[in-house]
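**Q** Input: one structure, supplied below.
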Amino acid sequence: MPAPAALALAAALLLAAASICAEAVWLDMPQTGTKCVSEEIQANVVVLADYALMYESHPSSHPTLAVKVTSPYGYTLHENGNVTVGQFAFTTSEAGNFLACFWIDSAEKGSGVSVNLDWKTGIATKDWDAIAKKEKIEGVELELRKLEVAVQSIHQNMVYLKAREAEMREVSEKTNGRVAWFSIMSLGVCVVVSVLQLWHLQGYFRKKKLI
């Protein structure tokens with residue numbers, strides 16, 4: 001494959017992978033209450049996020065932020081308070097929804113307060129400049145290395161999605177089976193009750209000599 005074509009393919013795959021693995025959001029913070037962001041991430045994935053508090057400048061208003069990041073099983077991965085900027089990083093040990101919650105923890109609530117969250121996972125967390133210097137690679141070789149990592153990332157995502165699809169299909173099949181058995185049992189109960197009612201009515205009419 002010619003070098004320009006290889007570079008174009010690498011750029012396309014890196015863009016596709018980065019669009020999945022990187023997310024920057026703005027959260028408008030209420031004066032009371034909590035704002036949370038969650039993302040479903042598979043196991044053994046590096047997560048890196050930077051957050052910063054933004055607010056309308058006022059001489060007597062200097063709000064601060066508290067943040068807590070938890071795993072799908074409720075374990076605290078990062079917790080900080082009384083800050084305006086911060087960062088958290090971890091490697092996931094299980095798959096599921098990872099939750100980051102923010103709230104204003106200072107007495108001065110301010111106005112127009114928002115949080116900028118730059119959330120990166122997987123390939124988006126790599127420092128390619130540092131990797132290039134460490135491994136002494138550049139140019140086409142570096143782009144091919146990026147291409148290799150991008151392909152691996154996309155393949156891992158596809159495998160994860162396929163596994164989740166299989167799990168959901170299994171749950172759906174089990175649920176459908178239980179609903180079918182419940183329907184059969186309900187129909188059986190209705191038939192039994194109808195037979196008992198008919199038997200009771202026949203006995204009642206015989207006692208009254210109506211039949």
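The values are calculated or read from the model by the stated rules, or taken from the named source; none is laboratory data. These figures come from a predicted structure and were not determined experimentally. As a convention, Cβ positions derive from the backbone with ideal geometry for all residues, glycine included, and neighbour counts pool all protein chains shown.
**Q** Go through the range 67-79 residue by residue and tally those that are over 15 Å from Asn116 (Cβ atoms) and crowded, with 16+ Cβ neighbours inside 10 Å.
**A** Pass one, the range 67-79, residues over 15 Å from Asn116 (Cβ atoms): 68-79.
Still in the running and crowded, with 16+ Cβ neighbours inside 10 Å: 68-72, 77-78.
Residues in the range 67-79 being over 15 Å from Asn116 (Cβ atoms) and crowded, with 16+ Cβ neighbours inside 10 Å: 7 in total.
**Q** Consider the range 39-66. How many of its residues are buried (at least 19 other Cβ atoms within 10 Å of the Cβ) and in a loop (DSSP other than H, G, I, E, B)?
**A** Total meeting the criteria: 3.
**Q** Which of the following residues is modelled with pLDDT under 85 and among the hydrophobic types (A, V, I, L, M, F, W, C): Ala66, Ala95, Ala107, Ala89?
**A** Numbers: Ala66 fails: modelled with pLDDT under 85; Ala95 fails: modelled with pLDDT under 85; Ala89 fails: modelled with pLDDT under 85.
Matching residue, one of Ala66, Ala95, Ala107, Ala89: Ala107.
**Q** For the range 54-74, check the following and say yes or no: at least one residue is touching a residue at least 24 places away in the same chain (Cβ under 8 Å) and either of a type in the set (Asp, Glu) or at positive phi (or both). Step through it out loud before you land on a result.
**A** Step one: filter the range 54-74 for residues touching a residue at least 24 places away in the same chain (Cβ under 8 Å), giving 54-56, 58, 60-72.
Applying the additional criterion that residues be either of a type in the set (Asp, Glu) or at positive phi (or both) yields 56.
Yes; the residues of the range 54-74 include at least one that is touching a residue at least 24 places away in the same chain (Cβ under 8 Å) and either of a type in the set (Asp, Glu) or at positive phi (or both).
**Q** Does Met185 fit the bill of being modelled with pLDDT of 85 or more and closer than 30 Å to Trp128 by Cα?
**A** Working: modelled with pLDDT of 85 or more: yes; closer than 30 Å to Trp128 by Cα: no.
Here the answer is no, as Met185 does not meet what is asked.
**Q** Note down all Cβ pairs under 9 Å where the first residue falls in the range 151-164 and is free of Cβ contacts under 8 Å to residues at least 60 places away in the same chain, the second is β-branched (Val, Ile, Thr), and they're at least six residues apart or on different chains.
**A** Gln152/Ile123
**Q** OK, next. Please go through the range 127-149 and give me each residue that is loosely packed, with under 15 Cβ neighbours inside 10 Å and either in contact with a Ser or Thr (Cβ under 8 Å, 6 or more places away or on another chain) or among the small types (Gly, Ala, Ser) (or both), ordered by number.
**A** Going residue by residue through the range 127-149, those that are loosely packed, with under 15 Cβ neighbours inside 10 Å are 127, 129-131, 133-136, 138-141, 148.
Across the range 127-149, the qualifying residues are Ala130, Gly139.
**Q** Kindly provide the set of residues from the range 80-109 that are surrounded by fewer than 16 Cβ atoms within 10 Å (Cβ to Cβ), over 23 Å from Ser61 (Cα atoms) and not polar (S, T, N, Q), ordered by number.
**A** The answer is Ala89, Phe90, Glu94, Gly96.
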